[in-house]
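Some notes on the structure that comes next.
Please treat every number below as a calculation from the coordinates, not as lab data. Everything quoted here is computed from the prediction, not taken from an experiment. Don't worry about glycine lacking a Cβ; one is built from the backbone with ideal geometry, like all the others, and counts go over all protein chains shown.
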Amino acid sequence: MLNKDTISSFNELETPFYYYDLKLLEQTLESCRMAADKFGFHVHYALKANFNEQVLEAIRKIGFGADCVSGNEVKKAIDLGFDSQKVVFAGVGKSDKEITEALNSDIYCFNVESVQELEIINGLAAKLGKEARVALRINPNVDAHTHQYITTGLEENKFGINQWELNACIEQLKACKQLNLIGIHFHIGSQITNLEVFKSLCLKVNELNVWFADHGYQLKVLNVGGGLGVDYHAPDENPINDFDSYFTIFNQFLERRNDQEVHFELGRALVAQCGSLISRILYVKNGLKKNFLILDAGMTELMRPALYQAYHKIENISSLSVKKIKYDVVGPICESTDCFGKEVELPESFRGDLIAIRTAGAYGEVMSSGYNLRERVKSVYSK
Ligand SMILES: *Cc1c(COP(=O)(O)O)cnc(C)c1O
């Protein structure tokens, strides 16, 4: 949280930067771990949400595994000390090089996204004389009721294997001597706030679990992915997700054998609230119809608003003014979509005031870019 002392410590610092509240991160991780432990559930952290090394170190320490979507993420997780037996590798387009390196690192499991990928992994594993554990990423055709740009579990999405392809998968697996099918995997979307969606997912997983058993596969792992949403509107009121309610749904609705493991891949819900993007107002433009605050941070530091019209809470953390004014809060980049919020009600604001863009710990720093030849954004950590 951004208390007075934290804010005054920002006065000396060059902006923009990401501020990470490591205490809140630890509390969030602890809360998630306790809730998961209650049901014996396994949690893998989705590195793509944030691969800042201090953040990763806190996650490694709590004992979570790593969910990776590129060869470099696999390498980073292992280099930073994640147990390779807790590393899983998903992605629709794994290259031969990435697969080979992951095989050499003896990762726990490949989450395979197409029939052809089975054949390719099998061939590369044969060359190395290795066996590869695989799970099939199945597209369950469950609507996540989230933004169209971040839904992934419908048949029209590029991700995963469709249910009508499962017979072909089984045929392919019979021909793939180096592959060991250990589970099925799902990931239906992100920023899911309606927990009913996860109940629908469970029912689908149950059907498929039975289907595989009927076809002679006693799966060890049911991997239900991630996607749990956070409260972007009230970060101070809801800094930590209700992980108990989340895991309880899966415990209640997933029908599993006693020896079957349930795996999760949480990204956003673990790291979003601990990060804020801190910026200074460069210019105030008062117009006839609109007022603009022009910040020294833009879409190059936080792309979500430009990319998915995402909402982030914006606060002026310097101003003591009681006078409220509506501003469009924009960045300095030469793109019209470089806008953090329209008609945002803020205390009267001035050049030099500090602006906090909240809930920016997930899909923030990782998506930063050098567009306009901008400098890479820096990070600052709580003590
Ligand atoms: C992105 C991703 C996740 C994490 O999603 P969140 O919405 O951040 O929880 C989990 N699994 C896979 C395969 C992903 O691609």
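Quick notes on this one:
- The chain, helix-only ellipticity at 222 nm - DSSP H runs n ≥ 4, -39,500 (n - 2.57), divided by all residues, nearest 500: -9000 deg cm²/dmol
- A full extension of the chain between PHE253 and TRP164 corresponds to an added length of 29.6 nm, given 0.36 nm per residue minus the alpha carbon distance.
- Normalised radius of gyration (Cα atoms, divided by 2.2 N^0.38 Å) for the range 22-272: 0.96.
- Karplus (6.51, -1.76, 1.60) ³J(HN,Hα), θ = phi - 60°, over the range 297-311, in Hz, Gly and Pro reported as x: 10, x, 5, 6, 9, 9, 8, 3, x, 6, 7, 10, 6, 6, 8
- FRET efficiency estimate (nearest 0.05) - Cβ-Cβ, ARG351 to LEU373, R0 22 angstrom: 0.40
- Folded to 0 to 90 degrees: helix 22-39 orientation relative to the chain principal axis, Cα: 30
- Residue-wise HN-Hα coupling along the range 354-366, computed from phi with Karplus coefficients 6.51, -1.76, 1.60 (Hz; x: Gly, Pro): 8, 10, 10, 9, 8, 6, 10, x, 10, 6, x, 3, 5
- Convex hull volume per residue for the range 273-381, taking Cα atoms only, in Å³: 102
- With all projection directions averaged, the alpha carbon convex hull of the range 1-139 covers 10.8 nm².
- Cβ-placed point charges (K, R +1; D, E -1), dipole of the range 53-108 about Cα centre in debye, nearest 20: 80
- Proximity of backbone amide H atoms, modeled 1.01 Å from N, is registered between ARG280 and ASP296, ALA297, ILE355 at under 5 Å, excluding neighbours fewer than 5 places apart on the same chain.
- Take every DSSP beta bridge whose two residues both sit in the chain; close to 40 percent of them are antiparallel.
- Derived scalar couplings between HN and Hα for the range 68-75 equal 10, 10, 7, x, 5, 5, 4, 4 Hz in order, rounded to whole Hz, by the Karplus curve 6.51 cos²θ - 1.76 cosθ + 1.60 (θ = phi - 60°), x for Gly and Pro.
- Theoretical gain in end-to-end length, ASP96 to GLU261 [0.36 nm per residue, Cα-Cα removed]: 56.5 nm
- Close amide-amide hydrogen proximity is noted between LYS378 and TYR18, each under 5 Å apart and 5 or more residues distant or on a separate chain (H modeled in the peptide plane; Pro and chain starts excluded).
- Gain upon complete extension [GLU30, LYS342; 0.36 nm per residue less C-alpha separation]: 108.7 nm
- If both residues of a DSSP beta bridge must be in the range 184-317, then about 45% of such bridges are antiparallel.
- For the chain, the longest principal axis of the alpha carbon atoms and the long axis of helix 243-253 meet at an angle near 30°.
- Listed residue (THR300, GLN273, VAL284) projecting farthest to the positive dipole end of the range 273-381, Cβ model: VAL284
- Simple spin-label estimate for LYS23 and ASP5 in nanometres, 7 Å along Cα-Cβ: 0.7
- What separates the Cα centres of the range 250-288 and the range 59-91 is a distance of 18 Å.
- Modelled FRET efficiency - R0 41 Å, VAL380 with LYS324, Cβ distances, 0.05 increments: 0.90
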